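The values are calculated or read from the model by the stated rules, or taken from the named source; none is laboratory data. In this text the structure is predicted, and so the values were computed from the model without any measurement. A quick note on method: Cβ atoms are made from the backbone with ideal geometry, for glycine too, and the neighbour counts reach across all protein chains shown. What goes into the accessible areas is simple: the full protein's heavy atoms, side chains included, and nothing from ligands, DNA or RNA. Shrake-Rupley method; radii C 1.70, N 1.55, O 1.52, S 1.80 Å.
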Amino acid sequence: MTVHTTIDSPIGPLLLVGEESAAPGGRTALAWLTMAGQKNAPAVRPEWAHRPAAFADIARQLDAYFAGELTRFDIPFADSGTGSEFRQRIWDALEDLPYGTTTTYGEIARRLDVPRGEIRALGAAIGANPVSIVRPCHRVIGADGSLKGYAGGLERKRELLTLEGVLQPMLG
């Protein structure tokens, strides 16, 4: 059964959509984690059940991440229907990016032997990641060290990288 909830976070409300396990004690598999105003975010459908309790473990992990107490998530993913084999390969590489580090689009392409002509497709696959934050696409930056596209917005990308200690907090 598809379930959803919205939780508060330091970067604004987060929409969580997942598949609730019918098995006793089963975990909810996360299909989408999106931010308000995010590109390509799903709209809540009437047939989805609003079930905050189904996301208790995921919410706990996100709270710990935002508190600086968790550096790697243990969350099962559901197939959101958005991942070709190529995209899945790219997304798997994102999951290997350690907390507090960054990499470039070019480095991911080199590591996965993605031909130069498919670099744009690699960028599109990263941008189509349905589970932002927990599959850390925010850790991918431009070759020159600049912050490049992020479906949740560059300000949120900056906030996440600052939280992880990659960037220095900006004086305001």
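Observations on the structure shown:
- Within-12-Å neighbourhood charge of Ala124 [Cβ basis; K, R +1; D, E -1]: +2
- The GNM of the chain, with springs linking C-alpha atoms under 10 angstrom apart, assigns the highest mean-square fluctuation among Asp113, Asp57, Asp92 to Asp113.
- Ranked by the mean number of other Cβ atoms within 10 Å per residue, highest first, peptides 126-133, 47-54, 155-162, 104-111 order as 126-133, 155-162, 104-111, 47-54.
- A 1.4 Å probe run over the protein chains yields, for region 25-172, 53 Å² of accessible area per residue, whole-number rounding.
- Rounded to the nearest 20, the size of the Cβ-charge dipole of region 30-89 about its Cα centre is 200 debye, with Lys and Arg at +1 and Asp and Glu at -1.
- In summary, region 50-143 shows an alpha-carbon radius of gyration equal to 1.16 times the 2.2 N^0.38 Å reference for compact globular proteins.
- One quarter of the surface of the convex hull around the alpha-carbon atoms of the chain equals 10.5 nm², the direction-averaged projected area.
- Taking every alpha-carbon pair under 8 Å whose residues sit at least 6 apart, the chain reaches a relative contact order of 22 percent.
- Cβ-based net charge around Gly18, under 15 Å, with every Lys or Arg adding one and every Asp or Glu removing one: -1
- Most mobile of Leu70, Leu14, Leu97 in a GNM of the chain (Cα contacts under 10 Å): Leu70
- Our coupling estimate for region 126-137, obtained by passing each phi through the Karplus curve with A = 6.51, B = -1.76, C = 1.60 and θ = phi - 60°, is 4, x, 8, 3, x, 10, 3, 6, 6, 10, x, 5 Hz, Gly and Pro reported as x.
- DSSP-defined antiparallel bridges as percent of all bridges, the chain, nearest 5: 65 percent
- Portion, in percent, of the accessible area of the chain that falls on carbon or sulfur, probe 1.4 Å: 52 percent
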